[in-house]
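Note sheet for the following structure.
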Amino acid sequence: MIYKKVLAIETSCDDTSVAVVGGDGQVFAVVSADQDLQHQPFGGVVPEIASRNHTLQVLPLVDQCLSSCRLRFKDIDGIAVTSRPGLVGSLIVGVVCAKTLAWNYNLPVVGVNHLEGHLLAPFLRDESYQPPLGFGFPFVGLAVSGGHTQLYLVKGVGEYEVLGKTLDDAAGEAFDKFAKLVGLGFPGGVAVDQKASSGDSTKYSFPRALKNDGTLSYSFSGLKTSAQKVIQQMSGDQLQQALPDLCASYQEAIVEALMHKLNLAVDQQGVSRAIVTGGVSANTRLRKAVQDWAEKKGIQTVVPPLRYCTDNAAMIGYAGILRLNRGEISGHELTPSPRSYEEDFRSGESR
Ligand code: KG4
Ligand code: ZN
């Protein structure tokens with residue numbers, strides 16, 4: 001059987017998202033609800049609040065998604081759902097919902113690794129976005145968000161190798177912790193980005209950890225500590241005055257670290273294509289740095305449109321339909337896991 005359309009559900013963190021996607025990556029509809037307002041007072045995602053909100057939002061979003069593309073369950077061939085990695089209480093909501101709909105409408109269900117979704121996002125297509133001509137495998141993928149900062153070699157569908165990852169905080173987490181420290185709220189990446197636009201990035205010198213260690217690992221926890229030390233010595237007024245420069249310098253340290261290891265990964269793997277994806281790829285400075293780097297190096301680089309970079313169900317639907325079309329069905333024993341399965345990614349050492 002050829003699967004033509006799947007309904008996809010993503011609830012791995014604090015965004016509830018539902019999409020209908022075709023086998024060629026066509027996104028018929030994607031609808032999402034974030035929970036930023038609910039988590040803001042706590043300065044971070046509260047797992048219990050996240051799962052409760054998924055419970056409230058997921059079924060109305062399924063209805064909204066189907067009606068916005070004028071489809072019904074009889075037009076759907078299968079269901080894809082993020083089953084790993086993520087907050088387990090959040091994943092449970094999506095997985096239970098997917099299995100119940102699958103049972104009710106007699107459809108097959110497939111569990112998808114959230115990171116596989118991010119890595120296949122460049123292949124999605126809709127009215128205003130198509131994968132660039134000639135883009136394909138193999139490529140180096142940098143997934144950079146509030147939860148992950150990882151470099152992959154993507155050789156094909158289902159052939160992913162982790163090349164390197166953060167040893168501590170994710171880059172988005174580093175943005176968010178800094179934003180909290182200087183009173184810019186949560187999630188603070190966007191606010192730091194905006195403040196940085198009028199700042200001088202050379203004003204403060206923040207560390208670029210692991211820069212010359214030759215590995216593809218990242219580390220961002222020292223950066224926050226170093227910013228903390230600078231800020232502690234300032235009065236409230238001084239901090240307000242220095243904020244644009246502090247944001248620009250802090251942002252530059254993150255962007256430089258991300259770009260340095262991306263460049264190293266491309267050199268080590270000898271590939272001519274790369275992607276950057278995840279919520280942090282919304283960052284203005286990072287986007288510019290990626291574009292300049294790609295032009296200078298002659299590397300075809302895709303940063304998918306923001307709607308497919310941040311957590312969304314369309315990317316899960318595409319990964320899911322590819323798996324269903326390869327005969328992979330999860331069945332009703334599908335269970336969520338906070339971690340990836342061993343078989344999802346090969347580690348560099350096992351090559
Ligand atoms: O992919 P995403 O929506 O959710 C996950 O974390 O999985 O990414 C959210 C992260 C947050 O840490 C947020 O602060 C960061 O992406 N972010 C940004 C920007 N927009 C979002 N970081 C820096 N600059 C931005 N413009
Ligand atoms: Zn994500």
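The values are calculated or read from the model by the stated rules, or taken from the named source; none is laboratory data. Quantities reported herein were computed from a predicted structural model and do not represent experimental measurements. We place every Cβ from the backbone using ideal geometry, glycine too, and count neighbours over all the protein chains shown. Only protein heavy atoms, including side chains, enter the accessible area calculation; ligands, DNA and RNA are left aside. Shrake-Rupley method; radii C 1.70, N 1.55, O 1.52, S 1.80 Å.
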In the set ILE231, ILE254, the lone residue that is of a type in the set (Val, Ile, Thr), modelled with pLDDT of 95 or more and over 22 Å from the mean Cα position of the chain (by Cα) is ILE231
Counting only residues in segment 48-80 that are of a type in the set (A, V, I, L, M, F, W, C) and in a loop (DSSP other than H, G, I, E, B), the one farthest from ASP126 (Cα to Cα) is identified as ILE76
Selection from segment 282-323 of residues of a type in the set (D, E, K, R) and outside any helix (DSSP H, G or I) yields ASP311
* Asked: Does LEU120 qualify as being under 24 Å from VAL45 (Cα atoms), in contact (Cβ under 8 Å) with a residue 12 or more places away in the chain and within 16 Å of ligand 2 (Cβ to nearest atom)?
  -> no
field: Flag for VAL271 being open to solvent by 10 Å² or more (accessible area, probe 1.4 Å), in contact with a strand residue (DSSP E or B) (Cβ under 6 Å, 6 or more places away or on another chain) and within 13 Å of ligand 1 (Cβ to nearest atom)
entry: no
Does LEU264 satisfy the criteria of being within 16 Å of ligand 2 (Cβ to nearest atom) and not in a loop (DSSP other than H, G, I, E, B)?
no
The number of residues in segment 239-258 that are surrounded by fewer than 18 Cβ atoms within 10 Å (Cβ to Cβ) and closer than 17 Å to LYS297 by Cα is 1
So, first residue farther than 18 Å from ARG287 by Cα in segment 181-193, second residue open to solvent by 40 Å² or more (accessible area, probe 1.4 Å) and not in a helix (DSSP H, G or I), Cβ within less than 9 Å, six or more apart or across chains; the pairs are PHE186/VAL45; PRO187/VAL45; PRO187/GLY146
Yes/no for ASN212 being under 24 Å from VAL154 (Cα atoms), free of Cβ contacts under 8 Å to residues at least 40 places away in the same chain and not acidic (Asp, Glu) = no
Checked segment 2-14 for anything at pLDDT 95 or above and open to solvent by 10 Å² or more (accessible area, probe 1.4 Å); matches are ILE2, TYR3, LYS4, LYS5
**Message:** Residues that are in a helix (DSSP H, G or I), closer than 21 Å to VAL140 by Cβ, modelled with pLDDT of 95 or more and not acidic (Asp, Glu): does segment 324-332 have at least one?
**Reply:** no
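A quick yes/no check of all residues on (1) away from ligand 1 (no atom under 12 Å from the Cβ); (2) touching a residue at least 60 places away in the same chain (Cβ under 8 Å); (3) within 19 Å of the chain's Cα centre (by Cα); (4) buried (at least 24 other Cβ atoms within 10 Å of the Cβ):
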residue: ARG287; (1), (2), (3), (4): no, no, yes, no
residue: ASP292; (1), (2), (3), (4): yes, no, no, no
residue: GLY298; (1), (2), (3), (4): yes, no, no, no
residue: VAL302; (1), (2), (3), (4): yes, yes, yes, no
residue: ASP311; (1), (2), (3), (4): no, yes, yes, yes
residue: ALA314; (1), (2), (3), (4): yes, yes, yes, yes
Reported set for segment 144-190 where residues are near ligand 1 (Cβ under 7 Å from one of its atoms), open to solvent by 50 Å² or more (accessible area, probe 1.4 Å) and not in a loop (DSSP other than H, G, I, E, B) is GLU173, VAL190
Requested in this report: State whether the residues of segment 327-336 include one that is open to solvent by 40 Å² or more (accessible area, probe 1.4 Å) and either within 24 Å of LEU133 (Cα to Cα) or not assigned by TED's automatic domain parsing to the domain that holds LEU87 (or both).
Outcome: no
